[in-house]
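Peer 1: To start, I am sharing the structure in question, which I have written as structure tokens.
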Amino acid sequence: MTLKVKLMLAIVILATGFTTTTRTVRSAPALPNPVLYLTGTEPYQANGKTFIRYHYDVFNKDAYPADFFAASPALPPCGKNTKASRTWIDFFDQSGKRLYGFCALAKPADLSDISFSLEEGTTPPSWIYIEMNDRKTNTKYKSNLAETSP
């Protein structure tokens, strides 16, 4: 990690101690909000177009238990996936517009490479965040704002 990333993570970790987690069920576990940071970008092509993929990691991913990502067939499906994970991850821009989501991560380590893509030439939002939605307890964990430029 570069010095800039380390400093940003230190600031974010301190700042997340002062944020609140939206909890709607009292039995929800006391888990921290995710600490999100950009790990890089890459161009790729699909269907004759070029896109830029923005890769992120969750610094404190090890704080989440494995069952947080267990297949949950008793909960509503994700499209045709009837065994979607208990917790879904959604990317949002700083104004709250949803950019992309994941509904089938299998373990906390999968948070080490989550991403969203934009078509090349599209101006990315300056900042993004994720929400982790624990569908079993109806609890959302909102991350810090993370940059989209290295």
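The values are calculated or read from the model by the stated rules, or taken from the named source; none is laboratory data. Computed from a prediction, not measured in an experiment: that's the story for all the values here. Here the Cβ is made from the backbone with ideal geometry for all residues, glycine too, and neighbour counts use every protein chain on show. Side chains are part of the model used for accessible areas, which takes the heavy atoms of the whole protein and leaves out ligands, DNA and RNA. Shrake-Rupley method; radii C 1.70, N 1.55, O 1.52, S 1.80 Å.
Peer 1: Can you list the residues, at least 5 places off or on another chain, whose amide H is less than 5 Å from the amide H of Phe116, using H built in the peptide plane?
Peer 2: For Phe116, the qualifying residues are Tyr54.
Peer 1: Could you please state how large a percent of the accessible area of region 101-147 is carbon and sulfur, counting protein chains only and using a 1.4 Å probe?
Peer 2: Reported share for carbon and sulfur atoms: 47 percent.
Peer 1: Just subtract the alpha-carbon distance of His55 and Ala70 from 0.36 nm times their residue separation and send over the number in nm, one decimal. Each step should come with its number before you reach the end.
Peer 2: Numbers: separation 15, 0.36 × 15 = 5.40 nm, distance 2.31 nm.
Between His55 and Ala70, full extension yields an extra 3.1 nm.
Peer 1: Cβ neighbours within 10 Å, averaged per peptide: list 105-117, 36-48 in order, most packed at the top.
Peer 2: Numbers: 105-117: 17.0, 36-48: 12.5.
Going from most to least packed, we get 105-117, 36-48.
Peer 1: Calculate the spin-label point distance for Ser126 paired with Gln94, positioning each point 7 Å from the Cα along the beta-carbon direction, and give it in nanometres.
Peer 2: If labels sit at Gln94 and Ser126, their model points lie 0.4 nm apart.
Peer 1: Starting from the Cα-Cα distance between Ser112 and Asn138, subtract it from 0.36 nm times their residue separation and give me the gain in nm to one decimal. Please list the in-between numbers first.
Peer 2: On the way: separation 26, 0.36 × 26 = 9.36 nm, distance 2.35 nm.
Once the chain is fully extended between Ser112 and Asn138, it gains 7.0 nm.
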